[in-house]
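> Questions regarding the structure given below will be posed in turn.
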Amino acid sequence: MIVAYDGTNYCGWQIQPNGITIEEVLNQKLSQLLGEEITVTGASRTDSGVHSLGNVAIFDTDTRMPADKIAFALNQRLPEDVVVQGSCEVPADWHPRYQESRKTYEYRILNRTFRMPTRRLDTYFFHYNLDVEKMQRAASYLVGEHDFKSFCAVGAQVKTTIRTIYACDVTKGADDIITIRVTGNGFLYNMVRIIAGTLVKVGNGDIEPEQMLEILEAKNREAAGPTAPAHGLTMMGIEYL
């Protein structure tokens, strides 16, 4: 299933005791729909407040309902802020996290003097003027295969902090929204939000674009900028190769 959601009212993707999650809602509604215990597995375990237009989830079922019809039936039961964009059958050994893929995230910053109430849930408001050209120059240093330890939350348990970024672009539209769009083969915990927080520092003049190389080489979380707020982040989708 391709799952889109507004993460505002959820404690992220993964089931946890302190609040409702996307995974929990899907498990509950699928179990009701299909009359059997269903447990979904997601491609990306997004944090509390993070949004998605194209997360991918799989589950096993004995149902005779055609796979492509499950999306339609499930959406009748889901809350308005979670919508399945499509469903299909995949091979029994197919796993959304272990397939070779390209994931794309967008981080959006509302960069203007005053807030815009209609964008308060999906953009990070920053009222000081940001230099988008400098931000783009800094972002270009992140493209390629690097050790992104400086851009990983402290304490994250991973086998390696080496990742490949295929593209990292910073643009500003007529709506005063700066979009940081990042595509890679995988992301570390809080990696895109730390990249966004660091690029804001660049745009604000606190960090020079060329210092991105030093930050990468430091392999130290303290070398990079702050972790930008979760609500500005949207997982755009996954391309399986």
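> Where the second residue is polar (S, T, N, Q) and the first is under 11 Å from K134 (Cα atoms) and lies in the stretch 206-218, which pairs have Cβ atoms under 7 Å and are six or more apart or on separate chains?
I207/T198
> Taking the stretch 200-215 as the search range and keeping residues that are in contact with a Phe, Trp or Tyr (Cβ under 7 Å, 6 or more places away or on another chain) and under 13 Å from L142 (Cα atoms), which one is surrounded by the most Cβ atoms within 10 Å (Cβ to Cβ)?
Across the stretch 200-215, the extreme among qualifying residues is M212.
> I'd like the residue in the stretch 11-57 that is among the charged types (D, E, K, R) and in contact with an Asp or Glu (Cβ under 9 Å, 6 or more places away or on another chain) and, out of all such residues, is surrounded by the most Cβ atoms within 10 Å (Cβ to Cβ).
Going residue by residue through the stretch 11-57, those that are among the charged types (D, E, K, R) are 23-24, 29, 36-37, 45, 47.
Now restrict to residues that are in contact with an Asp or Glu (Cβ under 9 Å, 6 or more places away or on another chain): 36, 45.
Numbers: E36: 12, R45: 17.
My answer is R45.
> Return yes when A223 is surrounded by fewer than 19 Cβ atoms within 10 Å (Cβ to Cβ), of a type in the set (A, V, I, L, M, F, W, C), over 28 Å from V3 (Cα atoms) and touching a Ser or Thr at 6+ places or on another chain (Cβ under 9 Å) and no when it is not.
Considered against the rule, which asks whether it is surrounded by fewer than 19 Cβ atoms within 10 Å (Cβ to Cβ), of a type in the set (A, V, I, L, M, F, W, C), over 28 Å from V3 (Cα atoms) and touching a Ser or Thr at 6+ places or on another chain (Cβ under 9 Å), A223 comes out as yes.
> Condition check: surrounded by fewer than 16 Cβ atoms within 10 Å (Cβ to Cβ), touching a residue at least 60 places away in the same chain (Cβ under 8 Å), closer than 24 Å to G7 by Cα and out of contact with any helix residue (DSSP H, G or I) (no Cβ under 6 Å at 6 or more places or on another chain). Does A196 satisfy that?
So A196 fails the test.
> Assess whether G35 counts as being under 22 Å from L121 (Cα atoms) and at pLDDT 95 or above.
Considered against the rule, which asks whether it is under 22 Å from L121 (Cα atoms) and at pLDDT 95 or above, G35 comes out as no.
> Next up: For residues that are within 21 Å of the chain's Cα centre (by Cα) and among the charged types (D, E, K, R), scanning just the stretch 35-86, find the one that is farthest from A196 (Cα to Cα).
Here the residue is E80.
> Can you work out which of the residues in the stretch 98-120 that are in a strand (DSSP E or B) and hydroxyl-bearing (S, T, Y) is modelled with the lowest pLDDT? Walk me through how you get there before you give the answer.
First, the residues of the stretch 98-120 that are in a strand (DSSP E or B): 101-110.
Checking the rest, the ones that are also hydroxyl-bearing (S, T, Y) come to 101, 104-105, 107.
Values: S101: 94, T104: 98, Y105: 98, Y107: 98.
Ranking the candidates gives S101 first.
> Out of the residues in the stretch 1-55 that are part of a strand (DSSP E or B) and hydrophobic (A, V, I, L, M, F, W, C), state the one that is farthest from D68 (Cα to Cα).
Top of the filtered list is L53.
> Search the stretch 115-156 for residues being under 18 Å from E222 (Cα atoms) and small (G, A, S), and hand back the single one that is surrounded by the fewest Cβ atoms within 10 Å (Cβ to Cβ).
Among residues in the stretch 115-156 that are under 18 Å from E222 (Cα atoms) and small (G, A, S), the one surrounded by the fewest Cβ atoms within 10 Å (Cβ to Cβ) is G155.
The values are calculated or read from the model by the stated rules, or taken from the named source; none is laboratory data. No experiment lies behind these values; they were computed from the predicted model shown. For neighbour counting, all protein chains shown are included, and Cβ atoms are generated from backbone atoms with ideal geometry for every residue, glycine included.
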